1. What's the magnitude of the charge dipole for the stretch 194-572 around its Cα centre, counting Lys and Arg as +1 and Asp and Glu as -1 at the beta-carbon? Answer in Debye, nearest 20.
2. Given 451, 476, 423, which one lies farthest toward the positive end of the charge dipole of the stretch 358-478, if we put +1 on the Cβ of every Lys and Arg and -1 on the Cβ of every Asp and Glu?
3. Per residue of the stretch 403-420, what does 6.51 cos²θ - 1.76 cosθ + 1.60 with θ = phi - 60° give for ³J(HN,Hα)? Whole Hz please, x for Gly and Pro, Karplus curve as stated.
4. For percent of Cα pairs over 44 Å apart, pick the label among (i) 31; (ii) 48; (iii) 68 that corresponds to the value derived from the coordinates.
5. Of 531, 549, 520, which is farthest on the positive side of the dipole of the stretch 498-560, counting Cα position, with +1 on Lys and Arg Cβ, -1 on Asp and Glu Cβ, and the Cα centre as origin?
6. With axes computed from alpha carbons, what is the tilt in degrees of helix 3-17 against the longest principal axis of the chain, rounded to the nearest 10 within 0 to 90?
7. Mind ordering 557-567, 62-72 by average Cβ neighbours within 10 Å, highest first?
8. Suppose every K and R has +1 on its Cβ and every D and E has -1 on its Cβ; what is the size of the dipole of the chain about the Cα centre, in Debye to the nearest 20?
Amino acid sequence: MSEKVKNKLLKEVAATNGHDKKTRKKSSKKKNKLNNLPYEQSHFIDTSKNVWNYTLLSNEDVLNFQHGTNYRLYEKFGSHALEVNGEAGMYFAVWAPNATSLSVIGNFNDWKNFEHNLFPRWDKSGIWEGFIPGFKNGEVYKYHIVGFQGVETDKGDPFAHFWEIRPQTASIAWELGYEWNDKEWMKKRKKHNKLDSPWSVYEVHLASWMRPDANDEESYNTYQQIKERMVPYVKEMGFTHVEFMPIMEHPFDGSWGYQGAGFFAPTSRFGSPQDFMDLVNAFHEAEIGVILDWVPSHFPYDAHGLFMFDGTHTYEYADMRKGFHPDWNSYIFNYKRGEVKSFLISSARFWFDKFHADGIRVDAVSSMLKLSYSRKEGEWEPNEFGGDGNLEAIAFIKDLNETLYRDFHDIQTIAEEATDWPGISKPTVSGGLGFGMKWMMGWMHDTLRYFKCNPYDRQHHQDDLTFSMMYYYDENFMMPLSHDEVVHGKSPMLYKMPGDEWQKHANLRLLYSYMFAHPGGKLLFMGNEFAATTEWNYKSELPWHLLEHASHRGMQECVKDLCHLLKNEPALYQRQFDSDGFEWIDLNHRSDAIIVFKRKGEKAKDDLLVILNMTPTVHLDWKVHVRGKDSWKEIFNSNDEKYWGTGDVYNPFPEIKILDKKHKLYEINVHLPALSAVILK
């Protein structure tokens, strides 16, 4: 190569790196061959330096990142093992737009600042990058950032796939290679995840489901041990899906994972990312879907996290009327900023792409939608139209759902949203937010209020139970009895129920029966299935010893049969979001607190009749008038002896009388046990 050509190429490289101010502007307009290529292809990397000037990012990558449309950031940001010029090492890329200096520190350089400085990109994007030869997979590291007004911080990598176990806070360079064995599940998961498929979700906090030492909060089962214990249990119980409270890396156990620092990393408390992949893979092999709680609403102020990342408000709103969350002392993402939007949607996409998640439940959607959420008058500023909707968050949510359903058509997104905001689970093309389902918080509150009543007073509160069907078809609802209902003095599910011990268990079996017979998805928090007698405590484990008692084994058996009933009876799921799938049969016996409704499948032969006796009074020869069929049999009775019921009142083949043959109106003579649900087919 002639000296003249060599000098010309050197100038072009300098221009693309932003070092030659005279040619920078010119070269940014003129597309040269080097501009979109990795720097090693120029053959002029300075190998004498600790960090080589190198990029994986094209101009298009950066522009999309800035515009909020780059949803695969995890492929190029963070740390990535590469070979450059024959040297193995690690490429780093991080966004810190207000930094004046950024270096990688760790054990590899004795945590010395400024020895391994990354390069700022020429395009003023705020991205710092570079290749460190000899840097090995498994090394711990942080970024030392000199930021706004000279503030110096040591931050973990926002894109790290693995972190040290708390209280340590460094990131770990880690590759995500794994050989999946869930092809069969992935091929047919659309069938499992459709809205007209059965949905019974077992909500789990991994640390406290079961521990090696029940009373030691520092005692954890590994992902492998969880796989060995939990997968067969959930399979036997008949749940269709598990939902993990946030497994994304988080510094404080007491946040239950809802205040995270690692949006691209499963927590290291239980093992490596590959160990978590193996857990997901095992659930899939058992034909059980995996839903992950995901928190794009806020993040904590831990020194190593996203807060004031480069010395000022980078990921969060600078205006604390929008940027600070008063309920949780945390900080709210700046949804207006394109780079933040790219970051968050990339995070959601990451769990589907790399970890084969089947769904996400988006936490605290209400707090994202409303500028006035948990704020008094004067503590928030209206949007440009004078309302309290966060227009930027709304746009972000719509883009999130559109992207996820475009790229993964067989998954579900579920919103935890507690207001009357319209169209949460309606398509964005129809003006909705685009979620697949929404938690039915109103159903949960009304139902628990009803069941807490003295049974003989329930006649005065029937509307609490029936009101749900007045608005049920507004959304695609999932009914949650979640972790939030068994903490902070709310009491365990069993002790929300009135009466003596037998009546408490009977009431709870009745509640679960009503829940599983009601249209919509179902979610039950761990421990509820066997009637835990204490509130959930994240520091210990579930009170598994209760299964020594027949009453708790009976509750577990009841929930198990309800899960299998849901999967085996098409009338309970085929039309669960269709008004043709439900019909009130009898609401006219308030004084007896007896309610009757029908669940209808696509075929009339699959129809089910659900009869709820909400009082301790036994009713023999109770008459139910129903159209359509002249033959019914009992397929479920919550008073069954195996559930710790009395087992003395049942209906193997109820007596049926024809009232109007022409109009197919029949009278069914049934026996109703105390505080029980009877389902006929």
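Readers should treat all values here as calculations from the given coordinates under stated rules, not as data from a laboratory. These figures come from a predicted structure and were not determined experimentally. Here the Cβ is made from the backbone with ideal geometry for all residues, glycine too, and neighbour counts use every protein chain on show.
1. Dipole of the stretch 194-572, to the nearest 20 debye: 400 debye.
2. Farthest towards the positive end: 451.
3. Coupling constants for the stretch 403-420: 5, 5, 6, 5, 8, 9, 5, 10, 10, 9, 10, 10, 9, 8, 9, 10, 9, 9 Hz.
4. Given (i) 31; (ii) 48; (iii) 68, the calculated one carries the label (i).
5. 520
6. 40 degrees
7. Ranking the peptides 557-567, 62-72 by packing returns 557-567, 62-72.
8. So the dipole magnitude of the chain works out to roughly 2380 debye.
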